[in-house]
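Please read the structure below before turning to the comments.
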Amino acid sequence: MHKFWMIAVATACAAQATAGVVLETVERDPAAATVNGTNVMRADDGRLRMERYEDGKLVAVMIFKDDALHALDPADKTYAVLDRATIRKVADVVNPALKEMQEQLAKMSPEQRAMVEQMMKGSLPSGLGDGHKKVRTVVATDRSDRIAGLTCTVYEIREDSELVREACVAPVQSVPGGPDFYAVLSRMGALMQEMLDAIDTPWLEDAVDDQWALVEELNGVPIRGREFTQGKPVLEVELTRIAEEKAPAGSFDVPADYTRRDLDELQ
């Protein structure tokens with residue numbers, strides 16, 4: 001699904017998933033006033049299904065069950081499984097490439113590095129190549145909003161004083177189906193952390209640790225998130241519906257007509 005961190009709220013709730021919960025979000029380009037896509041997430045009985053739609057068409061599905069992620073491609077009816085063993089295998093290939101990239105960036109002049117960052121549209125990880133780790137601050141504002149029937153408080157997230165994100169955060173107890181959703185996200189988050197332990201590139205682990213720390217600092221559920229570049233909003237993800245609801249039968253099964261492919265076969 002989209003890299004945006006918004007509904008990655010793995011606040012550890014010990015409750016067992018029972019009734020099930022469905023959560024829908026919309027992703028917008030604020031500048032163009034257009035919808036990039038919508039996402040539907042379902043948690044039920046310790047499992048999670050995430051669907052991505054673009055122009056009304058299902059383009060990607062992720063299923064978490066049995067301590068593994070299943071990535072489905074509806075276009076060609078294939079899927080890949082990401083478990084601990086697979087991630088370690090991929091890390092053996094990825095780690096040397098990341099290390100080489102870091103070494104090359106470290107040799108660049110500030111001007112060359114700025115050019116690379118511009119080409120990557122600001123996606124170059126903080127601290128990669130120059131040793132600088134940006135200082136993040138999270139501040140609650142006096143602004144609030146009401147989204148999908150929930151009241152939320154706006155937080156500003158800054159890096160080296162630059163506004164990079166906003167989150168409108170609702171109290172955990174106000175969210176329907178909270179225990180179901182958070183319990184499965186917590187399990188999935190633990191799996192992802194174990195996967196990342198296999199990757200020995202410090203900046204990537206730091207970036208993930210920062211995201212978990214951010215979730216704890218917000219101390220609630222971000223039901224709307226915005227990302228900023230040079231002070232201008234470039235992405236918005238907002239909750240449109242959340243409700244306790246049992247998942248339809250078969251929601252967490254890979255369709256029988258899908259073919260399994262190894263990660264190195266996927267483009």
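Below is a table of values for the structure above.
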| quantity | calculated |
| --- | --- |
| Any hit, region 20-27, residues being touching a residue at least 60 places away in the same chain (Cβ under 8 Å) and assigned to a loop (DSSP other than H, G, I, E, B) | yes |
| All positions within region 67-85 that are within 20 Å of the chain's Cα centre (by Cα) and either under 29 Å from GLY37 (Cβ atoms) or polar (S, T, N, Q) (or both) | ASP67, ALA68, LEU69, HIS70, ALA71, LEU72, ASP73, TYR79, ALA80, VAL81, LEU82, ASP83 |
| Meets criteria (surrounded by 13 or more Cβ atoms within 10 Å (Cβ to Cβ) and at pLDDT 85 or above) for GLY149 | yes |
| Unmet requirement for ALA249, which otherwise passes all of (1) at pLDDT 80 or above; (2) surrounded by 12 or more Cβ atoms within 10 Å (Cβ to Cβ); (3) farther than 20 Å from TYR155 by Cα | (2) |
| Subset of region 152-174 (residues that are surrounded by fewer than 15 Cβ atoms within 10 Å (Cβ to Cβ) and either of a type in the set (Ser, Thr, Tyr) or touching a residue at least 12 places away in the same chain (Cβ under 8 Å) (or both)) | ASP160, SER161, GLU162, PRO171, SER174 |
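The values are calculated or read from the model by the stated rules, or taken from the named source; none is laboratory data. As the structure is a computational prediction, the values presented were derived from the model and not from experiment. Glycine gets a Cβ as well: all are built from the backbone with ideal geometry, and neighbour counts include every protein chain shown.
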